[in-house]
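To keep things clear, I will list the structure first and then write my remarks on it.
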Amino acid sequence: MPESKTVHFQEWQILKSQTVYDYPPFIKLVKQTVELSDGKIVDDYHSLEMPDYCLVIAFCGEQEIITLRGYRHGLKEVTTFLPGGLIHEDESPLCAARRELVEESGYQAEKWTSIGTYIPNSNYGCGRVHLFQAIDAKKTHDPVTDDLENMVVEVIDLGTIRKWVRENQILSLSSVAAIALAMAKIF
C-alpha cells in the first residue's frame with residue numbers, strides 16, 4: 001500500500017456573508033465571499049443551511065422492514081423511502097426518530113440503536129441526518145399524516161429491499177445509506 005503524504009488543510013476564511021433566502025426552520029441560503037488557504041478569493045460560494053433530520057430503518061422480525069411509498073415533490077415521482085423527518089429544537093435525535101416512526105407508520109419499537117450521523121452534502125451543508133435502527137417494531141395504531149404526507153406503509157422483506165436498492169427504486173440516498181449500514185451490522 002502506498003504511503004500517504006501528510007497534508008495540512010486550513011479552514012477557509014469567510015470574508016463576507018449575505019443571506020439570499022431564509023425560510024425558518026426549513027431552509028436558509030447564504031452567499032459567501034471566502035478566502036481559500038492558498039489566498040484565492042471566491043466571491044460566490046453558497047452555503048445551504050437546513051435543519052437536522054432523522055431516518056429510521058425499523059425491523060419487524062429479522063427479515064422485514066417498514067417502508068413508506070409515496071409521491072415526493074422534490075423528485076416529482078413516487079418512490080419508496082424510510083420513515084423519518086425533522087428534529088424539533090426541543091428534542092433529541094432519538095426522540096425525533098421514535099416520534100417519526102409512530103407518526104408516519106403507526107409502529108413502535110423498544111430496542112433502538114444509532115447507526116450514525118452524516119452530512120448529506122458536505123460542500124453545501126444541508127443539515128445532518130441521524131440514522132437509527134429499530135428492532136421488533138409492532139403496529140400500535142394508524143399513521144398520523146399531514147396534508148403533505150400522502151403515503152402507504154409497507155412491510156417489505158429484505159430480499160425485495162436489496163433488489164429495489166440495486167434497481168434504483170429507492171431514490172433517497174439517506175434511505176439507501178441507512179439500509180446498507182443496518183444490513184452491514186446484521187450480516
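Name every residue in region 92-138 that is part of a loop (DSSP other than H, G, I, E, B), touching a residue at least 24 places away in the same chain (Cβ under 8 Å), closer than 17 Å to residue 173 by Cβ and out of contact with any helix residue (DSSP H, G or I) (no Cβ under 9 Å at 6 or more places or on another chain), in order of residue number. Spell out the reasoning first.
Within region 92-138, the subset part of a loop (DSSP other than H, G, I, E, B) is 92, 106, 109-110, 119-120, 122-124, 126-128, 136-137.
Filter once more, so that each one left must be touching a residue at least 24 places away in the same chain (Cβ under 8 Å): 106, 109-110, 120, 124, 126-128, 136-137.
Within this subset, residues satisfying the condition of being closer than 17 Å to residue 173 by Cβ are 120, 124, 126-128.
Across region 92-138, the qualifying residues are 124, 126, 127.
What residue, of 39, 74, 61, is at pLDDT below 95 and within 25 Å of residue 138 (Cβ to Cβ)? After ruling out the rest, the residue left standing is 61.
For region 36-49, how many residues meet the condition of being out of contact with any Leu (no Cβ under 9 Å at 6 or more places or on another chain) and not small (Gly, Ala, Ser)? Final tally of qualifying residues: 5. Of the strands (runs of 3 or more DSSP E) lying entirely inside region 1-87, those containing at least 2 residues that are in contact with a Ser or Thr (Cβ under 9 Å, 6 or more places away or on another chain) and not hydrophobic (A, V, I, L, M, F, W, C) span 13-23, 27-35, 41-49, 64-72, 77-81. Here 142, 146 are screened, and the one residue that is surrounded by fewer than 18 Cβ atoms within 10 Å (Cβ to Cβ), more than 14 Å from the chain's Cα centre (by Cα) and over 28 Å from residue 48 (Cα atoms) is 142.
In region 51-64, what residues are within 17 Å of residue 115 (Cα to Cα) and touching a Leu at 6+ places or on another chain (Cβ under 7 Å)? Within region 51-64, 53, 55, 56, 57, 58 qualify.
Note on region 120-132: residues that are touching a strand residue (DSSP E or B) at 6+ places or on another chain (Cβ under 7 Å) and closer than 24 Å to residue 71 by Cα total 8.
Within region 15-30, residues that are touching a residue at least 40 places away in the same chain (Cβ under 8 Å) have Cβ atoms under 9 Å from residues that are loosely packed, with under 10 Cβ neighbours inside 10 Å in these pairs: 25/89, counting only partners at least 6 apart in sequence or on another chain.
Within region 2-24, does at least one residue satisfy the condition of being on the phi > 0 side of the Ramachandran plot, of a type outside the set (A, V, I, L, M, F, W, C) and surrounded by 10 or more Cβ atoms within 10 Å (Cβ to Cβ)?
From region 2-24, those on the phi > 0 side of the Ramachandran plot are none; that's our starting set.
Looking through region 2-24, none of the residues is on the phi > 0 side of the Ramachandran plot, of a type outside the set (A, V, I, L, M, F, W, C) and surrounded by 10 or more Cβ atoms within 10 Å (Cβ to Cβ).
The values are calculated or read from the model by the stated rules, or taken from the named source; none is laboratory data. Bear in mind the structure is a predicted one, so any value in this text is a computation, not a measurement. Cβ sites come from the backbone with ideal geometry, for glycine too, and all protein chains shown count toward neighbours.
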